[in-house]
Amino acid sequence: MDLRFTEDELAFRDEVRSFFRQALPASIRDNIVAGRHTSKEELVTWTRILHDKGWAVPHWPVEHGGTGWSPIKQYIYLEEMSQAPAPAPLAFGVNMVGPVIYTFGSEAQKNRFLPRIATLEDWWCQGFSEPGSGSDLASLKTRAVRDGDHYIVNGQKTWTTLAQYADWIFCLVRTDPEARKQSGISFLLVDMKTPGITVRPIQTIDGGHEVNEVFFDDVRVPVENLVGEENKGWNYAKFLLGNERVNIARVGVSKERIRRIKELAAKQRVGGERMIDQPEFREKVAAVEVRLKALEMTQLRVLAGEAKREKGTQDPASSILKIKGSEIQQATTELLMDVVGPYAMPYQPEEAIDGRNEPDIGPDWASTIAPAYFNTRKVSIYGGSNEIQKNIIAKAILGL
Amino acid sequence: MDFDLSEEQTMLKDSVERLLADQYGFEARKKHGAGKAGYSDRMWQQYAELGLLALPFAEEDGGIGGGATETMLVMEAFGKALILEPYFASIILAGGVLRHAGNGEQKAALIPAMAEGGLKIAFACAEPQGRYDLFDVETTARKDGDGWVIDGKKALVLHGDSADKLIVSARTSGNARDEDGISLFIIDADAEGVSRNGYPTQDGLRAAEITLQSVKAGPDALIGSKGTAWPVISRVADEAIAALCAEAVGCFEKMHELTLEYLKTRSQFGTTIGSFQALQHRAVDMFVELEQSRSMTMYASMLATGDDAVERARAVSAAKVQIGESAKIIGREAVQLHGGVGMTMEYAIGHYFKRTTMLDILFGDANHHLKRLAQLDGLIREDS
């Protein structure tokens, strides 16, 4: 047992770090540091930079553009990226639908979609949740009925992140209403330009527009856009959800956030002294750092074991990554609220700041903090709420 | 990065676990603890035969040359069985002092005897007023001819009542709470002027308050050089904390296992109580704490033997915070999920709860270590 990075891994980390330092446009970096949203153009720019380097989809099989890095190196890569800090590549493409396509898709689908996912020529979004199907996802009702060479899709998806930018959506649809609920579901790829699709924005409590409702009204989808077999979609969805183990804990993001907290706390004065010099505050931060280090080690345990595990089996410890990772992300936003204090109050959405000339109300770093606190409540809800995660652990691991 | 055990390490783990599964069940444990010393000399001899008492010492000193991983494996197994013998007190603590500061003659005189099981040493490093600060030393040692005369009070000396010898920290210069000026001496536990008041601790182990009154020590009693013991003490303490963390993980694992068994067998309202979601989620909380603790123990074990004292302190304190917090969560959930029987002496779970509560306290509780970590600027810094 040796938990230190090897010489090779350390050299790799230096290489990645110096590449990010040199290649990441400063404006993109500064936006992230300030807690602002990355724009579509910025993410496309960054993805193309990574693609030119050959690093857009490191975890994919080599024949589809992957790098062949070990899970630990992939982790180091993502970790360095979050701490640069650079935007993460669009998960819906590279982490979700991409692996489904190269694992279960036809040759034609692989050739058509994978290269455009890697370069972000196609922006993908995810059509899983429905108004009546949240935690109980398999109860979904969006119907797809075969009509010659097409499926006719009717129904509604919701919580569709960044659908406003999307070229394509991957959907779970019901193709056999008679079957047991998990067995009648198929996995369809749908062009967002198809007639009959309507996207309606949902404004979240932070004032932002990340998620949408997507309505399907007699949308004709060519049969060639079915992934794998009809009525086997639930298996592909489970594969997709279980697939994102390398970065689900978001350790790098939380580390970057903690550095930011310390930096800002050194600027804030409370009762005549710097906030960072107050023992109570330092201890609150240190308590989160401990939980984060434990999470990081758990993450590395899972990844180091990955190579040796049978395909399709999971390390029991992997299930805790989502729970702890989301709790820690939320804790960091609470600490930022502590740091900013009263100037968390003015509501100054990004669009308003972008369009005006007068200075911000309060410190120029303050306006994004309360929105981030509100927005980060989502991380313990999406991707299977933490309570659902606990149900899964109780059943699959504890045998209860 | 590699989390796998070597073949030798796997064999070590298996052999310790086998011995304890065979001879250290909960009922057997009661018998082991029934004698005056509060533990079993027969088990101690078996640890010696298995090489466990020689494990952390260097081969040239008569040991086996095991490292942090080996200690972690053994301590974890000991935690699972809730052993009563003074392995931590004698081999990890006092043995740690000898490993890091003993001279050739001291090692030759003491280590082989310890490894054979014939000699037990306790480390008297804490004092009543010092709380968790091991540099808070009011006990004095003054020069007396070639040798020394030691006066003072030592607190909570683990297994101090049954030890053959004591290693004592005493001030040879400076003021109480100075890190400089502390020295270490080894004396016979029954030397003239030593009075030992032994008592049981909450977890069924033993400790002693020790008064030293004009205790004479020879010139060869000094371990390491005069006045410079603090780096040794803090290093030994850091390594000891990593070992305590591993013991706690062993306890946590068993507590989780016992609780799951109970949830799966206890029936109320016509069904096993493990089918209730409110209880399932609490069992999951225990599982999450167990795995986080295991991760932090690996981390601390890896860094506790490093030479960078600050990095070591950060890692060890972080792990102790995790263990202390987890001890509270796992302990209270384990007892709660057991219901009434969790409150009884005759049932195992409460004994694990008591031991893990003491493990939080030993060498600094979660509050103490959180403070220490915060003072050292935490784990995530500009330069990290």
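Read-outs: derived from the displayed coordinates by stated rules, not from any lab. Please read these numbers as outputs of a predicted model, since none were measured by experiment. No Cβ is skipped: glycine too gets one built from the backbone with ideal geometry, and neighbour counts run over all protein chains shown.
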Once Lys and Arg get +1 and Asp and Glu get -1 on their Cβ, which of B:MET343, B:SER293, B:GLN322 lies farthest toward the positive end of the dipole of the range B:264-372?
-> B:MET343
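I'd like the GluC sites (Glu not before Pro) in the range A:122-220 restricted to DSSP loop residues with at most 11 other Cβ atoms within 10 Å, sorted by number.
Values: sites: A:GLU178, A:GLU210, A:GLU213; in loops: A:GLU178, A:GLU210.
Passing both the DSSP loop test and the Cβ count: A:GLU178.
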Per residue of the range B:19-27, in order, report the coupling 6.51 cos²θ - 1.76 cosθ + 1.60 (Karplus, θ = phi - 60°) as ³J(HN,Hα) in whole Hz, putting x for Gly and Pro.
-> 4, 6, 4, 6, 10, 10, x, 4, 6
With +1 on each Lys and Arg Cβ and -1 on each Asp and Glu Cβ, and nothing else charged, work out how big the dipole of the protein assembly as shown is about its Cα centre, in Debye to the nearest 20.
-> 1580 debye
In straight Cα distance, which lysines are under 26 Å from A:LYS110, not counting same-chain residues fewer than 8 positions off?
-> A:LYS40, A:LYS53, A:LYS73, A:LYS157, A:LYS193, A:LYS232, A:LYS238, A:LYS311
Could you tally the net charge around A:PHE215, taking each other residue with its Cβ under 12 Å from the Cβ of A:PHE215, Lys/Arg +1 and Asp/Glu -1?
-> -2
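What stretch of chain A, leaving out the sites themselves, is the longest with no trypsin sites (Lys or Arg not before Pro) in a DSSP loop having at most 15 other Cβ atoms within 10 Å? Intermediate results must be reported in sequence, preceding the final value.
Working: sites that count: A:ARG4, A:LYS141, A:ARG180, A:LYS193, A:LYS267, A:LYS308, A:ARG309, A:LYS311, A:ARG356.
Formally, the longest exposed-site-free interval is A:5-140.
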Once the principal axes of the Cα atoms of the range B:133-268 are found, what is the range along each, listed largest first in whole angstroms?
-> 73, 28, 23
If you place +1 on the Cβ of every Lys and Arg, -1 on the Cβ of every Asp and Glu, and leave all else neutral, what size is the dipole of chain B about its Cα centre, to the nearest 20 Debye?
-> 1280 debye
Dipole of the protein assembly as shown [Lys/Arg +1, Asp/Glu -1 at C-beta], most positive-end residue of A:ASN243, B:LEU110, A:ILE72 | A:ASN243
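Sum -39500 (n - 2.57) across every DSSP H segment of at least 4 residues in chain B, then divide by the residue count to get the 222 nm mean residue ellipticity, nearest 500.
Numbers: 11 runs with 185 residues, N = 384.
Calculated at 222 nm, the ellipticity per residue is -16000 deg cm²/dmol.
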Charge tally for neighbours of A:PRO87 with beta carbon under 10 Å away, counting Lys, Arg as +1 and Asp, Glu as -1, is 0
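Give me the inter-chain shielding for B:315-325: mean count of other chain Cβ atoms within 10 Å, whole number please. Spell out each step's value before the answer.
Details: counts 1, 0, 2, 8, 4, 1, 8, 6, 0, 0, 4.
Per-residue shielding by partner chains comes out at 3.
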In the range B:187-278, the GluC sites (Glu not before Pro) that fall in loop regions by DSSP, at most 15 other Cβ within 10 Å | B:GLU192
By a straight-distance test (C-alpha under 29 Å), which lysines pair with B:LYS216 as possible cross-link partners, with residues fewer than eight away in the same chain excluded?
-> B:LYS36, B:LYS107, B:LYS120, B:LYS143, B:LYS153, B:LYS154, B:LYS165, B:LYS226
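Let me have the relative contact order for chain A, percent, based on Cα pairs under 8 Å that are six or more residues apart.
Details: 595 pairs, mean separation 53.3, N = 400.
Here the relative contact order equals 13 percent.
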Peptide A:382-392 - average C-beta neighbours from other chains (10 Å radius) = 2
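Kirkwood hydrodynamic radius (Cα pairs, Å) of chain A?
22.6 Å
What are the semi-axes of the equivalent ellipsoid of the range B:7-119, taken as the square roots of 5 times the eigenvalues of the Cα gyration tensor, listed largest first and rounded to whole Å? Intermediate results must be reported in sequence, preceding the final value.
Numbers: eigenvalues 113, 56, 23 Å².
Largest first, the range B:7-119 gives 24, 17, 11 Å.
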Picking from A:LEU335, A:ILE369, A:ILE388, whose Cα lies most toward the positive end of the charge dipole for the range A:282-400 (charges on Cβ: Lys, Arg +1; Asp, Glu -1)?
-> A:ILE388
Calculate how steeply helix A:40-53 sits against the longest principal axis of the alpha-carbon atoms of chain A, using the helix alpha-carbon long axis, and give the answer as 0 to 90 degrees to the nearest 10.
-> 90 degrees
Filter the GluC sites (Glu not before Pro) in the range A:264-314 down to the DSSP loop ones having no more than 11 other Cβ atoms within 10 Å, then list what survives.
-> A:GLU310
Per the C-alpha gyration tensor (a ≥ b ≥ c, the square roots of its eigenvalues), the range A:94-153 is rounded if a/c is under 1.5, else prolate if a/b beats b/c, else oblate; here it's oblate
